[in-house]
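Report on the structure given below.
What follows draws every value from the coordinates through simple rules; no lab data is involved. The shown structure was predicted, so the numbers you read here are calculated from the model rather than taken from an experiment. Note that each Cβ is placed from the backbone with ideal geometry, even for glycine, and that neighbours are counted across all protein chains shown.
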Amino acid sequence: MSNTQLAKFYAQLGEAVEDIYLEPDMDEDIDDMSIHLGNLLTGHTVLELGCGTGYWTEVVAESAASVLALDINANLVDIARERGMPADKVAFRVADALDLPEDIGKFSAVLVSFLWSHLTKGEQEKLLATLKKRLGKDVLLVILDDSFVEGFSETTARTDAEGTTWEILTTADGERVELPKSYPSDSALRKRLGNAGKEIKIERVEFFWILTCRLK
């Protein structure tokens, strides 16, 4: 990933990555998305990108045929492994979603979990090109990410010349960092995915949105 600062920020968070899910107001949306995600990926061989601590990997693993979960941060992958998911069904690998290894294998579905909104416009294009190159046509693409919620979400600090929006966060050490973060509308998502995917569908609850399509 070109934005090494983003990877470093989440590596420093460690298990605290999941603290966001402790928000009581989010419980119903988490349940709804967990059920929906499980239904979408039932029976699929899934490649998950940006698995982090494995929170959503565990959800997907309940109904998928198999899951290979990737993250660029080795310490987060180690935390995910400690969840104790079945080794014959769930595997983990440290890898960059924007530079997938040639031996990544074949999958019927790919899940991009809470990574899309942290990519610049250029990185989003690179990700889609990488998926088409490594996975091929008709693979189911599922993008799960968060919606902007007034009073809960961080506000964006600026928009660059490329159209990428950025927010300012504070690390555990008190350092202020600027990271890419977008809250795309349905129309923006359809425009961004239109050249790479077909049969685009988008569903939203208050805290999350989920997009599905087939790679062209």
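Taking the stretch 119-135 as the range and being farther than 11 Å from residue 100 by Cα, in a helix (DSSP H, G or I) and either touching a His at 6+ places or on another chain (Cβ under 8 Å) or polar (S, T, N, Q) (or both) as the test, only 124 passes. Counting the residues of the stretch 155-182 that are surrounded by fewer than 17 Cβ atoms within 10 Å (Cβ to Cβ), of a type in the set (D, E, K, R) and in contact with a Lys or Arg (Cβ under 7 Å, 6 or more places away or on another chain) gives 1.
Quick one: which of 113, 66, 147 is hydroxyl-bearing (Ser, Thr, Tyr) and buried (at least 21 other Cβ atoms within 10 Å of the Cβ)?
On the way: 66 fails: buried (at least 21 other Cβ atoms within 10 Å of the Cβ); 147 fails: buried (at least 21 other Cβ atoms within 10 Å of the Cβ).
That would be 113, the only listed residue that is hydroxyl-bearing (Ser, Thr, Tyr) and buried (at least 21 other Cβ atoms within 10 Å of the Cβ).
Cβ-Cβ distances below 8 Å connect the following pairs, each with a first residue in the stretch 180-208 that is assigned to a strand (DSSP E or B), a second residue that is aromatic (Phe, Trp, Tyr), and a separation of six or more residues or different chains: 180/166; 202/209; 203/209.
Which is of a type in the set (Lys, Arg), touching a strand residue (DSSP E or B) at 6+ places or on another chain (Cβ under 9 Å) and under 24 Å from residue 65 (Cβ atoms), of 137, 181, 133? Quick ask: steps written out before the conclusion?
Numbers: 181 fails: under 24 Å from residue 65 (Cβ atoms); 133 fails: touching a strand residue (DSSP E or B) at 6+ places or on another chain (Cβ under 9 Å).
Among 137, 181, 133, only 137 is of a type in the set (Lys, Arg), touching a strand residue (DSSP E or B) at 6+ places or on another chain (Cβ under 9 Å) and under 24 Å from residue 65 (Cβ atoms).
Against the conditions (1) under 13 Å from the mean Cα position of the chain (by Cα); (2) within 19 Å of residue 7 (Cβ to Cβ); (3) in a strand (DSSP E or B), residue 110 satisfies every one except (2). Listed conditions (1) farther than 13 Å from residue 114 by Cα; (2) buried (at least 21 other Cβ atoms within 10 Å of the Cβ) are all met by residue 13, apart from (2). Any idea which residue in the stretch 69-81 is farthest from residue 99 (Cα to Cα), counting only those that are free of Cβ contacts under 8 Å to residues at least 60 places away in the same chain and surrounded by 20 or more Cβ atoms within 10 Å (Cβ to Cβ)? Residue satisfying both the conditions and the ranking: 80.
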